[in-house]
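Trainee: Handing you this structure, nothing more for now.
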Amino acid sequence: MIEDDVAGPIEQIAIHQIRVLNPRARSRRIHAEITRNIEAVGLKRPITVCRTEETGRSGVFDLVCGQGRLEAFIALGQEEIPARVIDASERECLIKSLVENIARPQQAPVQVLDSISILKHRGYSNAEIGGKIGCTAEWVKSVSALLEKGERRLLAAVEAGHMPLSLAIEIARSPDAECQNLLMDAYNRGDLRGKKVTVVRRILALRSRVGKTSIASTTHKGRSKTYKPEELRKIYETEAAKHKALLKRAEFTKSRVLGVVQAFRDLLQLEEFVTLLSNEKRDSMPEFLKELATSREGTSP
């Protein structure tokens, strides 16, 4: 069953009269996007509810499809929501709800981006495109700017939640030499935290080395090479040696960094050194180094 094919009248139903028989977990990011879209352009498609025997007794309708839209209306403080009403038993309603969840088509981010590109080439404005896909005109404008620059890799990172759209715009406008500074600024602002910093660094390195377009959008011609067992053994040994060398360099670098941090800790304990830095106006240092140097945690690996 496809929701658009469901027959039934559309009514304004009080939200407190709708019961969710088959609740689904939803990420905060997706829920926030649905809420922003509905707040910006309104509800484009009504939810679907069932009128059952319970409805006749208590006035409660069972939700078939539209949990995300219902939760968005609740978050926006609405008391009623447009709903397509169908007649079914509670068991039939639960089955329909399960079918909807399983059969729901998931539109890939790349399809959304391609749709924006097509509409732009057909002369639609940012506001018109936003109205069609349920986004704000400013969001469409930013995404279009990245598409025009061929920044598919950055857009994929934004869609995956690795970086905010504003940071992607700044990176696209800046030369590669300034990208690390932008990354540090985003970290200091709190836009990037934890593993996202590492992920974005890898994306920037790959973007610089391979190109702006994501690997998924490139085509490869010809058959892949087949290797003999002896060739595979040599490749494995070479890669294993590279991995061991990389680990050794990482351990060496880690020990050097820990030594520098410990040295800073010892120096900052000396009142004369701190006074000298203050007098020479050299008492500022990067936040991450300051946190390490002033923390009480041990420095042993």
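Trainee: So if we plug the beta-carbon distance of L43 and V257 into 1/(1 + (r/R0)^6) with R0 = 41 Å, what FRET efficiency do we get, rounded to 0.05?
Mentor: The calculated FRET efficiency here is 0.15.
Trainee: Still on this structure, I have one more. Could you name the aspartates and glutamates in cross-link range of K248, using Cα to Cα under 15 Å and dropping any fewer than eight places away on the same chain?
Mentor: E239
Trainee: Follow-up. How do the peptides 163-173, 37-47 rank, highest first, by the average count of neighbouring beta carbon atoms within 10 Å per residue?
Mentor: 163-173, 37-47
Trainee: Taking H placed 1.01 Å from N in the peptide plane, check which residues at least 5 places from F61 or on another chain put their amide H under 5 Å from its amide H.
Mentor: I18, R19
Trainee: Still on this structure, please answer the following. Relative contact order for the stretch 14-91 using alpha-carbon pairs under 8 Å, separation at least 6, rounded to a whole percent?
Mentor: Relative contact order comes out at 42 percent.
Trainee: Among the trypsin sites (Lys or Arg not before Pro) within the stretch 127-171, which fall in a DSSP loop and have no more than 15 other Cβ atoms within 10 Å of their own Cβ?
Mentor: K149
Trainee: Among the aspartates and glutamates, select those whose C-alpha is under 20 Å from the C-alpha of K120, and discard any that sit fewer than 8 residues away in the same chain.
Mentor: E128, E138, E148, E151, E159
Trainee: Please report C135, C65 as a ranked list, fewest other C-beta atoms within 10 angstrom at the top and most at the bottom.
Mentor: Numbers: C135 20, C65 24.
The most exposed by this proxy come first: C135, C65.
Trainee: Another question about this same structure. Where does each of T35, T48 land when they are ranked from fewest to most other beta-carbon atoms within 10 angstrom?
Mentor: T35, T48
Trainee: Say the cut-off is 23 Å between C-alpha atoms; which of K195/K290; K242/K290; K196/K254 go over it?
Mentor: Cα-Cα > 23 Å for K242/K290; rest within.
Trainee: Starting from the stretch 51-81, pick out the GluC sites (Glu not before Pro) whose DSSP state is loop and whose Cβ has at most 11 other Cβ atoms within 10 Å.
Mentor: E79
Trainee: Another one. Quick check: residue separation of I10 and V199 times 0.36 nm, minus the Cα distance between them. What number comes out in nm?
Mentor: 63.4 nm
A short reminder: the numbers here are calculations on the coordinates, not readings from a lab. Everything numeric in this text was worked out from a predicted model, so none of it was measured. So basically every Cβ, Gly included, is an ideal-geometry build from the backbone, and we count neighbours across all protein chains shown.
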